[in-house]
Amino acid sequence: MMRNSLMKKCFFLTNGFFPIIFFLVPYAVAGQASQPTWQSEWDRTLEAAKTEGKVVVSVPASAELRKGLEDGFKKRFGIEAETVVARGASAVRKIVEEGRSGIRYFDVHLGGSESIVTGMLPEGILEPIEPWLILPDVKDPKNWWGGHIWIDNAKRFVYSFLAYQTENIWYNADLMKPEEVRSFDDLLLPKWLGKIGYLDPRTPGSGASFWSYMWYLKGEAYLKRLADQKMLISRDQRLLAENLAKGKTHLTIGLTFYSFQPFFRAGLPVKPLPTPKEGVYVSGGSGHLTIMKNLPHPNAAKVFVNWLLSKEGQAIFGRAMGMGTRRYDVDTKWLKEAGVVAAKDIITVDQYYKLENQSEEKINKIREPAAAVARKLLD
């Protein structure tokens with residue numbers, strides 16, 4: 001009898017239980033397969049990022065941007081974003097020097113394109129960016145005005161997430177009227193002698209960018225006359241902005257909204273000069289993304305990069321810096337109050353490629369020769 005009972009149990013196992021298992025397994029596998037591949041990768045990356053604990057990001061010298069990125073990233077993922085603020089050229093120099101010494105501290109650098117193209121690209125210290133993009137809304141070029149725009153000729157290492165036109169000449173409204181300067185030629189008038197501040201065009205930055213635009217349109221002879229205006233030339237953006245706000249200068253060239261933001265919001269008489277008749281180029285500002293090779297926090301960096309390029313990240317960056325993102329789903333119309341217009345709100349993509357001056361090609365053909373002229377005239 002015990003033998004019959006045992007045989008019945010075996011029969012149940014072989015003819016009952018196992019068929020049930022085989023019946024259920026396909027559904028379990030199907031359930032796993034139904035989760036998108038990107039979601040699985042994202043979940044794994046996020047979990048590993050939390051173990052790493054932080055990401056180290058080099059950012060432009062803006063207290064508002066620093067706070068926005070650190071607070072926003074921490075709130076969203078519970079991961080620390082350690083932001084290191086510095087002017088682009090200084091930050092790049094530090095990263096390159098550390099790289100040569102075998103030091104790997106930074107994960108990501110955000111800044112202007114010229115210092116990246118002339119300082120980082122030749123060193124071979126950058127990772128191709130595309131493999132780091134996970135989120136579908138970030139990867140899909142249809143979500144970006146102009147699709148995915150790259151600064152480097154290889155279209156792999158330097159991603160441009162901003163595109164806008166901005167007023168690079170600001171004035172003190174208590175000391176002059178905007179109609180007093182309607183063209184670049186007006187800057188040469190004797191009344192502006194010693195009254196113009198300029199962000200040093202001999203080093204990468206918006207001062208050099210605007211200088212190269214004037215060189216391209218007006219030539220070296222014009223720049224020599226401008227240099228003879230005894231301008232206050234400085235690499236200290238805060239000093240230049242403060243001098244304008246306090247009336248020590250009448251005009252400042254090369255600074256943009258984020259430098260004047262504290263004074264602008266405090267009600268001091270600093271305003272962007274309306275676009276001169278020569279027009280204005282299209283800038284990528286500080287919106288150039290690079291990822292370091294052999295970075296110390298690869299998973300946290302991957303999460304940060306995807307978040308930065310998301311709707312939330314772009315809104316935080318754009319509002320802090322007063323710069324226009326290329327993402328369609330982020331509002332940029334408010335920028336007009338700061339003398340800025342996002343490219344997606346005013347020009348076509350074809351016009352962008354004619355007017356941009358931050359690509360590797362334009363830097364080599366226009367900005368570097370113009371910088372050489374600046375050193376010749378100002379050293």
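Scanning the range 184-201 for residues that are farther than 17 Å from Pro276 by Cβ, surrounded by fewer than 17 Cβ atoms within 10 Å (Cβ to Cβ) and in contact (Cβ under 8 Å) with a residue 12 or more places away in the chain gives Leu193, Gly194.
I'd like the full set of residues that are within 15 Å of the chain's Cα centre (by Cα) and either under 16 Å from Val305 (Cβ atoms) or among the β-branched types (Val, Ile, Thr) (or both), limited to the range 150-165. Steps first, please.
Filtering the range 150-165 for residues within 15 Å of the chain's Cα centre (by Cα) gives 150-152, 157-165.
Selection gives Trp150, Ile151, Phe157, Val158, Tyr159, Ser160, Phe161, Leu162.
Of the set (1) surrounded by 15 or more Cβ atoms within 10 Å (Cβ to Cβ); (2) over 30 Å from Lys67 (Cα atoms), all apply to Lys230 but (1).
Within the range 202-234, the set of residues being hydroxyl-bearing (Ser, Thr, Tyr) and either in contact (Cβ under 8 Å) with a residue 60 or more places away in the chain or part of a helix (DSSP H, G or I) (or both) comprises Thr203, Ser206, Ser209, Ser212, Tyr213, Tyr216, Tyr222.
Of the candidates Glu312, Glu361, the single residue that is closer than 21 Å to Glu64 by Cα, acidic (Asp, Glu) and surrounded by fewer than 16 Cβ atoms within 10 Å (Cβ to Cβ) is Glu312. If you filter the range 123-138 down to residues that are over 18 Å from Glu41 (Cβ atoms) and outside any loop (DSSP other than H, G, I, E, B), you find that the one that is farthest from the chain's Cα centre (by Cα) is Glu123.
Could you tell me which residue of the range 159-191 is farthest from Phe210 (Cα to Cα), considering only residues that are part of a loop (DSSP other than H, G, I, E, B) and of a type in the set (A, V, I, L, M)? First the steps, then the outcome.
Here is the first cut: in the range 159-191, the residues part of a loop (DSSP other than H, G, I, E, B) are 161, 163, 167-168, 173-177, 181-183, 189.
Now restrict to residues that are of a type in the set (A, V, I, L, M): 163, 173, 175-176, 181, 189.
Details: Ala163: 15, Ala173: 22, Leu175: 23, Met176: 22, Val181: 16, Leu189: 19 Å.
That would be Leu175.
Any residue at all in the range 106-119 that is in contact with a strand residue (DSSP E or B) (Cβ under 7 Å, 6 or more places away or on another chain), more than 16 Å from Phe304 (Cβ to Cβ) and not polar (S, T, N, Q)?
Let us first name the residues in the range 106-119 that are in contact with a strand residue (DSSP E or B) (Cβ under 7 Å, 6 or more places away or on another chain), namely 106-113, 116.
Going one step further and asking which of them are more than 16 Å from Phe304 (Cβ to Cβ), we end up with 112-113, 116.
Narrowing the set further to residues that are not polar (S, T, N, Q) leaves 112, 116.
Checked against the condition, which is being in contact with a strand residue (DSSP E or B) (Cβ under 7 Å, 6 or more places away or on another chain), more than 16 Å from Phe304 (Cβ to Cβ) and not polar (S, T, N, Q), the range 106-119 yields at least one hit.
For the range 80-98, the condition holds for no residue, the condition being that it is within 22 Å of Gln39 (Cα to Cα) and not charged (D, E, K, R).
Residue under question is Gly318, and the condition is that it be at pLDDT below 95, among the small types (Gly, Ala, Ser) and either exposed (fewer than 15 other Cβ atoms within 10 Å of the Cβ) or not in a loop (DSSP other than H, G, I, E, B) (or both); does it hold?
So Gly318 fails the test.
Here is a list: Val280, Val340, Val349. Which entry is over 18 Å from the mean Cα position of the chain (by Cα), modelled with pLDDT under 95 and aliphatic (A, V, I, L, M)? That would be Val280, the only listed residue that is over 18 Å from the mean Cα position of the chain (by Cα), modelled with pLDDT under 95 and aliphatic (A, V, I, L, M).
The values are calculated or read from the model by the stated rules, or taken from the named source; none is laboratory data. The shown structure was predicted, so the numbers you read here are calculated from the model rather than taken from an experiment. Counting neighbours? That spans all protein chains shown, and the Cβs are built from the backbone with ideal geometry, glycine included.
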